[in-house]
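Novice: Below you will find the structure I want to go over with you.
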Amino acid sequence: MEKLQRALQKAREQREGAAAPTPPDVSPAPNPGAGGPLLAQRRGGADPAGLSATAAANWNALREFVPDPDLLVRNRILTMYPNRDATAFDILRTKMRLLMERNGWSRIAVTSPTAGCGKTTIAANIAIGFGRQPDLHAMLFELDLRRPSLAKCLGLQPPNDVIRLMQGEVGAADQILRFGPNVAISASVKPSRDPTSILLDRRATRILAEIEEDFAPDLMLFDLPPLLVSDDSRAFLKEVDCVLIVAEAERTTVAQLDTCEREVLEHTNVLGTVLNQCRINTGKSVIGNYDYD
């Protein structure tokens, strides 16, 4: 891990020293969906969870799903309950939340350089983990439309596909499902042959802005396709405030990560990089077992 960090830092320093476009300032991305006052400011009114009466009613109107805990564990979704295996995801969730609050960000995309890095698993764990923070409302949208896997991962049966939602054919209440009182998940039912046209469509931008206005979530997470295998993710990066890049240990190269960062910085901010599937054999836990007997 430290070797990868050093190599990536060296690549960043070389990139910054070369003649390259100036990356965007640490501020919300200038797009129609994410612009405007911070959610915390425009909520003023509010129930104990910080929602207006209208937004609270919209959340309550979503169909609730109760996942099978055994299925979640089999699919490596470990954050439904506090436990030792969830600690790393809880730390990531808290770091994300603090950094995004500090910068006024509300939209985050999760991607990876190539397929198989575990980005959907990471995104799902983050979203489910937010279910244990009742003061915060989060929404997760599956936009990896070529190879959707979120519904299978969580055991979801959406009544309609996210593609129909993005194209304005169905409303949010007819597509999005709710986990507990404060997490909403929009999953894909079937693959799309032309995801880029959907993600570039102005209707998608408008519909996401309407969902953001109607539900006033603190965070909107987007599970995007791998960045280096198609142009799908590039089509959507302008819609988010920041991007979390997921790398696979022993397979993702420094060159791939460096290329990903360059691509992201052309459109928005890099939130950070997560090294997934990392095997550390030190004889003891890196995190420790504090509070878990």
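The values are calculated or read from the model by the stated rules, or taken from the named source; none is laboratory data. Please read all numbers here as calculations on a predicted model, not as lab measurements. No Cβ is skipped: glycine too gets one built from the backbone with ideal geometry, and neighbour counts run over all protein chains shown.
Novice: Pick from segment 190-248 the residues that are among the hydroxyl-bearing types (Ser, Thr, Tyr) and assigned to a loop (DSSP other than H, G, I, E, B): which of them is nearest to THR273 (Cα to Cα)?
Specialist: SER230
Novice: In segment 67-80, which residue that is farther than 26 Å from ARG251 by Cβ and touching a residue at least 40 places away in the same chain (Cβ under 8 Å) is nearest to the chain's Cα centre (by Cα)?
Specialist: MET80
Novice: Just checking: which of the helices (runs of 4 or more DSSP H) contained wholly in segment 102-167 hold 1 or more residues that are of a type in the set (Lys, Arg) and under 16 Å from VAL66 (Cα atoms)?
Specialist: 150-154
Novice: Still on this structure, please answer the following. Any chance segment 12-33 includes a residue that's under 19 Å from ILE185 (Cα atoms) and either modelled with pLDDT of 95 or more or surrounded by 11 or more Cβ atoms within 10 Å (Cβ to Cβ) (or both)?
Specialist: The answer is yes; a qualifying residue exists.
Novice: Across segment 135-159, what is the total count of residues that are touching a Gly at 6+ places or on another chain (Cβ under 9 Å) and either surrounded by fewer than 23 Cβ atoms within 10 Å (Cβ to Cβ) or of a type in the set (Gly, Ala, Ser) (or both)?
Specialist: Going through segment 135-159 one residue at a time, the tally reaches 3.
Novice: Now, a different point. Cβ contacts < 7 Å: first residue within 13 Å of THR54 (Cβ to Cβ), restricted to segment 204-216; second residue of a type in the set (D, E, K, R), any location; separation 6+ or different chain. Result?
Specialist: What qualifies is ALA216/ARG43.
Novice: Related question: Any idea which of (1) surrounded by fewer than 17 Cβ atoms within 10 Å (Cβ to Cβ); (2) within 15 Å of the chain's Cα centre (by Cα); (3) of a type outside the set (D, E, K, R) is the one ILE108 doesn't satisfy?
Specialist: Evaluating ILE108 over (1) surrounded by fewer than 17 Cβ atoms within 10 Å (Cβ to Cβ); (2) within 15 Å of the chain's Cα centre (by Cα); (3) of a type outside the set (D, E, K, R) leaves (1) as the failure.
Novice: Hey, another quick one. Taking the condition closer than 23 Å to HIS267 by Cα and without any contact (Cβ under 8 Å) to a residue 12 or more places away in the chain, does LEU98 pass?
Specialist: The answer is yes for LEU98.
Novice: Related question: Which residue out of ARG107, ARG147 is of a type in the set (Lys, Arg) and within 27 Å of ASN60 (Cβ to Cβ)?
Specialist: Only one candidate qualifies: ARG107.
Novice: Being in a loop (DSSP other than H, G, I, E, B) and either charged (D, E, K, R) or touching a Lys or Arg at 6+ places or on another chain (Cβ under 9 Å) (or both): is that true of PRO181 here?
Specialist: no
Novice: Among the candidates THR114, THR79, which residue alone is hydroxyl-bearing (Ser, Thr, Tyr) and over 18 Å from VAL243 (Cα atoms)?
Specialist: That would be THR79, the only listed residue that is hydroxyl-bearing (Ser, Thr, Tyr) and over 18 Å from VAL243 (Cα atoms).
Novice: To continue, here is another question. State whether the residues of segment 196-203 include one that is surrounded by fewer than 23 Cβ atoms within 10 Å (Cβ to Cβ), within 20 Å of ALA124 (Cα to Cα), in contact (Cβ under 8 Å) with a residue 40 or more places away in the chain and touching a helix residue (DSSP H, G or I) at 6+ places or on another chain (Cβ under 7 Å).
Specialist: no
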